[in-house]
1. For the peptides 17-30, 76-89, what is the packing order when you average, over each peptide's residues, the other Cβ atoms within 10 Å and list the highest mean first?
2. On a 18 Å Cα-Cα criterion, which of the cross-link pairs 50/85; 41/67; 67/90; 47/90; 67/87; 50/90 come out too long?
3. Report, to the nearest whole %, how much of the accessible area of the range 35-103 belongs to carbon and sulfur atoms, 1.4 Å probe, protein only.
Amino acid sequence: MNLLTVILQTQAGGADYSFLIMMVAIFVIMYFFMIRPQNKKQKEIQKFRKGLEVGQSVITAGGIYGKIKELEDNAVILEIAPSVKIKIDKNSIYPDAQSQAGK
(Lines give C-alpha, C1' and ligand atoms only; values in the text may rest on other atoms or scores of the structure.)
Protein backbone atom coordinates (compact mmCIF):
# COMPACT_ATOMS: atom_id res chain seq x y z
CA MET A 1 0.00 0.00 0.00
CA ASN A 2 2.90 2.31 0.75
CA LEU A 3 4.40 1.77 -2.73
CA LEU A 4 1.03 2.51 -4.38
CA THR A 5 0.79 5.85 -2.53
CA VAL A 6 4.29 6.88 -3.71
CA ILE A 7 3.53 5.97 -7.35
CA LEU A 8 0.26 7.92 -7.38
CA GLN A 9 1.91 11.00 -5.88
CA THR A 10 4.71 11.04 -8.46
CA GLN A 11 2.29 10.69 -11.36
CA ALA A 12 0.01 13.45 -10.13
CA GLY A 13 2.85 15.93 -9.60
CA GLY A 14 4.31 15.58 -13.10
CA ALA A 15 1.01 15.87 -14.96
CA ASP A 16 0.12 19.40 -13.80
CA TYR A 17 1.83 21.30 -16.63
CA SER A 18 0.97 18.86 -19.38
CA PHE A 19 -2.71 18.93 -18.37
CA LEU A 20 -2.71 22.74 -18.39
CA ILE A 21 -1.02 22.86 -21.81
CA MET A 22 -3.49 20.33 -23.19
CA MET A 23 -6.49 22.32 -21.92
CA VAL A 24 -5.14 25.54 -23.46
CA ALA A 25 -4.55 23.74 -26.76
CA ILE A 26 -8.12 22.38 -26.76
CA PHE A 27 -9.52 25.87 -26.10
CA VAL A 28 -7.44 27.37 -28.94
CA ILE A 29 -8.60 24.66 -31.34
CA MET A 30 -12.24 25.18 -30.34
CA TYR A 31 -11.87 28.94 -30.79
CA PHE A 32 -10.48 28.71 -34.33
CA PHE A 33 -12.75 25.92 -35.55
CA MET A 34 -16.03 26.73 -33.79
CA ILE A 35 -16.33 30.10 -32.04
CA ARG A 36 -14.59 32.36 -34.58
CA PRO A 37 -16.49 31.11 -37.68
CA GLN A 38 -19.79 31.32 -35.80
CA ASN A 39 -19.17 34.96 -34.83
CA LYS A 40 -18.11 35.80 -38.39
CA LYS A 41 -21.30 34.28 -39.82
CA GLN A 42 -23.47 36.15 -37.31
CA LYS A 43 -21.83 39.46 -38.30
CA GLU A 44 -22.47 38.73 -41.99
CA ILE A 45 -26.15 37.98 -41.30
CA GLN A 46 -26.53 41.20 -39.25
CA LYS A 47 -24.92 43.17 -42.09
CA PHE A 48 -27.33 41.53 -44.56
CA ARG A 49 -30.35 42.41 -42.41
CA LYS A 50 -29.27 46.06 -42.15
CA GLY A 51 -28.96 46.27 -45.94
CA LEU A 52 -32.37 44.83 -46.85
CA GLU A 53 -34.00 46.46 -49.86
CA VAL A 54 -37.45 46.34 -51.48
CA GLY A 55 -37.57 43.72 -54.26
CA GLN A 56 -34.86 41.55 -52.74
CA SER A 57 -35.41 37.76 -52.61
CA VAL A 58 -35.05 36.28 -49.13
CA ILE A 59 -35.92 33.18 -47.12
CA THR A 60 -37.44 33.09 -43.65
CA ALA A 61 -36.31 30.94 -40.74
CA GLY A 62 -39.34 28.76 -41.44
CA GLY A 63 -38.26 28.11 -45.02
CA ILE A 64 -40.65 30.49 -46.83
CA TYR A 65 -39.21 32.10 -49.96
CA GLY A 66 -40.41 35.53 -50.96
CA LYS A 67 -39.63 39.05 -52.18
CA ILE A 68 -39.58 42.07 -49.94
CA LYS A 69 -42.43 44.48 -50.68
CA GLU A 70 -42.18 46.85 -47.69
CA LEU A 71 -39.69 47.53 -44.90
CA GLU A 72 -40.66 48.60 -41.40
CA ASP A 73 -38.56 49.18 -38.27
CA ASN A 74 -38.52 45.58 -37.00
CA ALA A 75 -40.63 43.84 -39.61
CA VAL A 76 -40.68 43.06 -43.32
CA ILE A 77 -43.67 42.56 -45.61
CA LEU A 78 -42.95 39.60 -47.93
CA GLU A 79 -44.84 38.64 -51.04
CA ILE A 80 -44.77 34.85 -51.20
CA ALA A 81 -47.19 34.49 -54.14
CA PRO A 82 -49.05 36.97 -56.34
CA SER A 83 -51.28 39.05 -54.02
CA VAL A 84 -50.22 37.02 -50.93
CA LYS A 85 -48.27 39.10 -48.41
CA ILE A 86 -47.08 38.20 -44.92
CA LYS A 87 -45.46 40.24 -42.17
CA ILE A 88 -42.19 38.75 -40.84
CA ASP A 89 -39.79 39.86 -38.09
CA LYS A 90 -36.44 41.05 -39.49
CA ASN A 91 -34.54 38.64 -37.23
CA SER A 92 -36.06 35.67 -39.07
CA ILE A 93 -34.88 36.79 -42.51
CA TYR A 94 -31.87 35.14 -44.20
CA PRO A 95 -30.26 35.57 -47.63
CA ASP A 96 -31.79 33.44 -50.37
CA ALA A 97 -29.06 30.99 -51.37
CA GLN A 98 -30.39 30.71 -54.93
CA SER A 99 -30.20 34.45 -55.59
CA GLN A 100 -26.76 34.68 -53.90
CA ALA A 101 -25.37 31.91 -56.14
CA GLY A 102 -25.83 34.09 -59.24
CA LYS A 103 -23.73 36.93 -57.83
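1. In descending order of packing, they fall as 76-89, 17-30.
2. 50/85; 41/67
3. So the carbon and sulfur contribution to the accessible surface is 48 percent.
The values are calculated or read from the model by the stated rules, or taken from the named source; none is laboratory data. Because the structure is a prediction, the values reported are computed rather than measured. Quick reminder, even Gly has a Cβ in these numbers, built from the backbone with ideal geometry, and neighbours come from all protein chains shown. Ligands, DNA and RNA are excluded from the accessible area calculation, which covers all protein heavy atoms including side chains. Shrake-Rupley method; radii C 1.70, N 1.55, O 1.52, S 1.80 Å.
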